[in-house]
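Okay, so here's the structure we're looking at.
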Amino acid sequence: MYLTSDSTSSTHSSCSDVIRIDRVYEIQNIIKSQSQLLDNSKIQVDNCINYYYLPSFIKHEPIKESIIELQKRGIRLRCIIEITKDNIKYCKELAKLVKDLRHLDGLKINFTISESEYISLGSTLNEKRDKKTTTEVIYSDIKSFIEEQQYLFDILWNKAIPAENKIKEIETNNIFIVKDETLTQQQTLELEQDIRLEEGIKIIRNTVEVQKLAFDLLKSAKDEILIIFSTANAFHRQERAGSIKLLSEIASRKDNNVNIKIMTPIDDTLPKTKIELENIKKMEKVEDKKENIVKLPKETNYKQQNSNKIEIRFIESQLQTTISLLIVDKKYSLAVELKDDTKATSIEAIGLATYSNSKSTVLSYVSIFETLWLQTELSDRLKLHDRIQKDFINVAAHELRTPIQPIIAITDIIYSRSKEDREKRELLEIIMRNAKRLKRLTDDILDITKIESQSLQIQKEWFSLEDVISSLVSQHKTNLKEMNNIINLNFIIEEKNLFIRADKGRIVQVIDNLLCNAIKFTEGKADGSITITAQKTDNNSIIVITKDTGIGIHTEILSKLFTKFATKSNKGTGLGLYISKKIIEAHGGKIWGKNNYYNGIGAEFGFILPIE
């Protein structure tokens, strides 16, 4: 080391493990010692350089050469400095040499540390920059001491911010006005409220300052205020802070034309607040010009009208962000990040804020706001349209169901009395078949509306699954026989007395649906057959499977089998499997469908349900 001159060293028994304090008269010696430390490093070097020492550090060629050599050797160099308006030139020079450069306000210390050496400059150099001034330099290569100092550096590093952010902030700091003592208080206030300086961006970390700036911006608005709240809590925090009250006052004033648009995520209380804000009434006094007095008693002397100046729209949860945004007159923007949404006040909840009067930045935010505003409008329209459509379908289905029942009942009576009139029976069969088809369609539509409104009710009871399937198979066999259909329909049960706790009506609906589908896609085949099996599994569940020898599942339908309207048939709507899937899932089960790949004939559908 180059640390020479008056020495008051404390040295350990080992000549390599030392803590030494030297008095140095020349900065040149300090530079040389730091440069040597850089050259000796093998892994990384960390530097803290304060305001006063930075010019000397960056001006000396040995330091620059050592830093360049470090980069070539792949050794990481980190530096913490204090960046100010006065030393920004030196900071930018250092930034060209050092990739890992950070800023820390009020940095007072100077030291350099590697994996094996430490050097620190005493406090004298912090206050005086005279080259002849004596300063104390501490040097050490004791491992435990270096580890302690490294720990200190890491704490400072984590508190520091990237240097480029601070440099940009200083270079574009065109927001706050330096007060001119020659201006009156009123002139200064007007100047501050106008905020008309060169275009720039400022990062604000002081949350109190952020809240004050937000109020000032709202008060300065002349044409328009656009606000996006990050969360419903953010809205309520501003409510408590007084911002919402201020907006109400701005909207209700007669002497301005400020339009206010707010977007916020919704909670239980916000719809009421929305109504209150959007229905602000302003009272206009009508004076009697002759008597020059205000006539209060008569209602005609007050003109009530809706201000229509505040509009609030609710943001869908998927569009919720962690940034609240304020835009005033398409000239100024304030973007505030959310740090902790659980806090009661904005001062505690918010973090970093970015203020801008840059035209391009502000107009970009305006574009984002208008896009979201239009999207919320379209979303509201779609919701309204969807609700109207569902209401119509629900009413139509109920209205259709009412006349269908007597049609089926009366047709059945006439059919039973017309045993000898074959032609009449055939006509009645057509009526009966289509009436039942229409009934099934209306039932499906009603089920769809229940499913999509999440009002599908499952009423569980114990019943024999064997009896249910046997009854359905018997019913379908009778229908096939009456229609002269030669499909062979079989029911195989591997275990007797299969009882299950479920919604009997809904399970009947699912099994009937699977059987109807199997019959529909198997009829017309000379060797057509359908087999339905039911068995109990080892994990206390029941599996029901239908297999047919029909035409199988079309490849286009296979991937969307259990979705609405998925069908290639002219005889169905494609709703049955969708409803069946929802019913089975409501019972905690699973349903599937596939082609019989092992023999290439027909399809297989099945579902599994827990017994209880």
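Tell me, please, whether a residue that is closer than 28 Å to E399 by Cβ, of a type in the set (S, T, N, Q) and not assigned by TED's automatic domain parsing to the domain that holds N488 can be found in segment 425-436. Yes, that holds for at least one residue. Within segment 412-432, residues that are under 15 Å from M483 (Cα atoms) have Cβ atoms under 7 Å from residues that are of a type in the set (D, E, K, R) in these pairs: Y415/R425; M432/D412, counting only partners at least 6 apart in sequence or on another chain. Filtered by the rule that a residue be farther than 15 Å from F215 by Cβ, out of contact with any Lys or Arg (no Cβ under 6 Å at 6 or more places or on another chain) and of a type outside the set (K, R), segment 244-261 gives D255, N256, N257.
Return a yes/no flag: does segment 324-343 have any residue that is touching a residue at least 12 places away in the same chain (Cβ under 8 Å) and part of a helix (DSSP H, G or I). The answer is no; no qualifying residue exists. One residue stands out among those in segment 477-503 that are more than 17 Å from I532 (Cβ to Cβ) and basic (K, R): the one that is nearest to the chain's Cα centre (by Cα), which is R501. Report, by residue number, each residue of segment 441-456 that is of a type in the set (D, E, K, R), surrounded by fewer than 17 Cβ atoms within 10 Å (Cβ to Cβ) and in contact (Cβ under 8 Å) with a residue 60 or more places away in the chain. Selection gives E452 alone.
A quick yes/no check of all residues on (1) at pLDDT below 80; (2) among the aliphatic types (A, V, I, L, M):
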site: L363; (1), (2): no, yes
site: V366; (1), (2): no, yes
site: T376; (1), (2): no, no
site: I388; (1), (2): yes, yes
site: I414; (1), (2): no, yes
site: E420; (1), (2): yes, no
site: N434; (1), (2): no, no
site: D443; (1), (2): no, no
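Each row is one residue, and each column tells you yes or no for (1) modelled with pLDDT of 90 or more; (2) farther than 23 Å from V366 by Cβ; (3) in contact with a Leu (Cβ under 6 Å, 6 or more places away or on another chain).
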residue	(1), (2), (3)
D194	no, no, no
E199	no, no, no
I203	no, no, no
N206	no, yes, no
E224	yes, no, no
I228	yes, no, yes
R237	yes, yes, no
K245	no, yes, no
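Each row is one residue, and each column tells you yes or no for (1) modelled with pLDDT under 85; (2) touching a strand residue (DSSP E or B) at 6+ places or on another chain (Cβ under 9 Å); (3) buried (at least 19 other Cβ atoms within 10 Å of the Cβ); (4) of a type in the set (D, E).
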position: K42; (1), (2), (3), (4): no, yes, no, no
position: D46; (1), (2), (3), (4): no, yes, yes, yes
position: K64; (1), (2), (3), (4): yes, no, no, no
position: I81; (1), (2), (3), (4): no, yes, yes, no
position: Y90; (1), (2), (3), (4): no, yes, yes, no
position: L94; (1), (2), (3), (4): no, yes, yes, no
position: L97; (1), (2), (3), (4): no, yes, no, no
position: S123; (1), (2), (3), (4): yes, yes, no, no
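For L363, the test of being part of a strand (DSSP E or B) and either under 24 Å from E239 (Cβ atoms) or not assigned by TED's automatic domain parsing to the domain that holds T207 (or both) is failed. Would you be able to say whether some residue in segment 584-595 is in contact with a Ser or Thr (Cβ under 7 Å, 6 or more places away or on another chain), in a loop (DSSP other than H, G, I, E, B) and either without any contact (Cβ under 8 Å) to a residue 12 or more places away in the chain or surrounded by 15 or more Cβ atoms within 10 Å (Cβ to Cβ) (or both)? No, that holds for no residue.
All told, R381 falls short of being farther than 22 Å from F235 by Cα and either part of a strand (DSSP E or B) or touching a residue at least 40 places away in the same chain (Cβ under 8 Å) (or both).
The values are calculated or read from the model by the stated rules, or taken from the named source; none is laboratory data. Since the structure is predicted, the reported quantities are computational estimates derived from the model, not experimental observations. For neighbour counting, all protein chains shown are included, and Cβ atoms are generated from backbone atoms with ideal geometry for every residue, glycine included.
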